[in-house]
1. Under a plain spin-label model, where a point goes 7 Å from the Cα along Cα-to-Cβ, how far apart in nm are residue 163 and residue 15?
2. Need one number: nm distance between label points at residue 97 and residue 215, each 7 Å from Cα along Cα→Cβ, rounded to one decimal.
3. Considering the options 153, 126, 140, tell which one lies farthest towards the positive end of the dipole of the chain, charges being +1 on Lys and Arg and -1 on Asp and Glu at the Cβ, about the Cα centre.
4. Once you have the Cα-Cα distance between residue 114 and residue 233, take 0.36 nm times their residue separation minus that, and quote the gain in nm to one decimal.
5. Only Lys, Arg, Asp and Glu count, each charged at its Cβ (+1, +1, -1, -1), so figure out the dipole size of the stretch 186-279 about its Cα centre, rounded to 20 debye.
6. Which whole-number value in Å³ per residue fits the convex hull of the alpha carbons of the chain?
7. Using a 1.4 Å probe over the heavy atoms of the protein chains, calculate the carbon and sulfur portion of the accessible area of the stretch 186-279 as a whole percent.
8. Sorted by accessible area with a 1.4 angstrom probe, largest first, how do 184, 41 fall?
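The values are calculated or read from the model by the stated rules, or taken from the named source; none is laboratory data. These numbers come from a predicted model, not from an experiment. Virtual Cβ from ideal backbone geometry, glycine too; neighbours counted across all protein chains shown. Side chains are part of the model used for accessible areas, which takes the heavy atoms of the whole protein and leaves out ligands, DNA and RNA. Shrake-Rupley method; radii C 1.70, N 1.55, O 1.52, S 1.80 Å.
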Amino acid sequence: MEILTSPGAMRAWSREQRVLGKKIALVPTMGFFHQGHLSLMRMAARHGDAVVVSLFVNPIQFGPNEDLDRYPRSFTKDCELAGQEGVAVVFAPEAADMYPAGFQTTVSVEQLSRSLCGADRPGHFNGVTTVVSKLFHLVQPDMAVFGQKDFQQLSIIRRMVRDLDMGIEILAHPIVREPDGLAMSSRNVYLNEQQRRSALSLSGGIALARSLYTDGLLDTAVLKEKVREHILSYPGTAVDYISFVDRSSLEPVDRADQETLLALAVSIDGRVRLIDNGLLVGTG
Ligand code: AMP
């Protein structure tokens with residue numbers, strides 16, 4: 001496996017592969033790999049001939065009071081894990097090379113970026129779409145894999161690819177969970193034992209909404225209150241948002257149906273912000 005840090009070297013490698021007729025599959029990440037990341041790499045390997053994993057903690061998608069400085073990092077271990085998955089290249093650029101002095105161009109997907117996490121984290125998704133565009137230009141992949149854990153991000157990337165004719169196939173991987181239901185996340189490492197128990201309020205809230213929906217409760221205002229009560233019954237939890245939205249438009253819906261997605265963001269002890277989501281008819 002090669003480890004490339006220079007954008008120029010990355011571009012040159014991809015050019016060679018494309019001349020050889022290889023289909024490149026990209027998995028963009030911020031590192032500190034868990035089974036979720038590794039599952040995305042396996043999916044990429046099933047669909048492409050050569051897998052590139054980008055590992056970049058993207059400063060422009062973090063707000064001023066967010067966790068950029070303490071975001072967990074483990075570069076050596078990550079490279080080892082990627083190597084075991086048969087990844088061809090880990091691309092780990094420096095922030096100064098991605099955003100040299102004078103950098104001022106951004107990509108913005110207007111409407112889809114406003115709701116849910118976009119409302120709580122102004123500028124976050126512009127940071128994401130800008131870095132993903134840059135990665136697409138540097139890596140020139142035929143396809144890229146994203147996790148449904150970040151459902152809004154996935155919708156925004158799909159829209160961007162369509163709107164800007166990027167011609168890259170976007171593959172979605174279902175949410176990978178711990179045995180007790182907690183969605184895997186690099187940020188779970190922040191949780192102490194008590195907070196780890198409270199983190200189950202998210203998957204528990206989704207399970208509750210699903211069972212109430214299956215029993216015929218369709219009014220999302222009522223569902224929302226039930227989910228809120230459930231989440232707040234765990235110590236230290238505060239709700240950032242509970243939203244029942246249409247899975248395609250991400251617009252809120254009053255009456256739940258099989259297209260309805262429940263998206264949640266919960267802060268624990270005001271320190272760790274976790275997200276989760278699920279379709280009301282789903283299981284993942
Ligand atoms: P991150 O390193 O957290 O930016 O995540 C990199 C990619 O992995 C994104 O496409 C995420 O949606 C995806 N991902 C992270 N956690 C999970 C998970 N538990 N299940 C599925 N995909 C995930």
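1. 3.1
2. The modelled label-to-label distance comes out at 5.6 nm.
3. 140
4. That pair, residue 114 and residue 233, stretches by 39.9 nm at full extension.
5. Numbers: 11 positive and 13 negative charges, 88 e Å.
Approximately 420 debye in magnitude.
6. Numbers: hull volume 36.6 nm³, N = 284.
In the chain, the Cα convex hull volume per residue is 129 Å³.
7. Values: 2080 of 4340 Å².
The value for the stretch 186-279 is 48 percent carbon and sulfur by accessible area.
8. Details: 184 25, 41 0 Å².
Listed by decreasing accessible area, they come as 184, 41.
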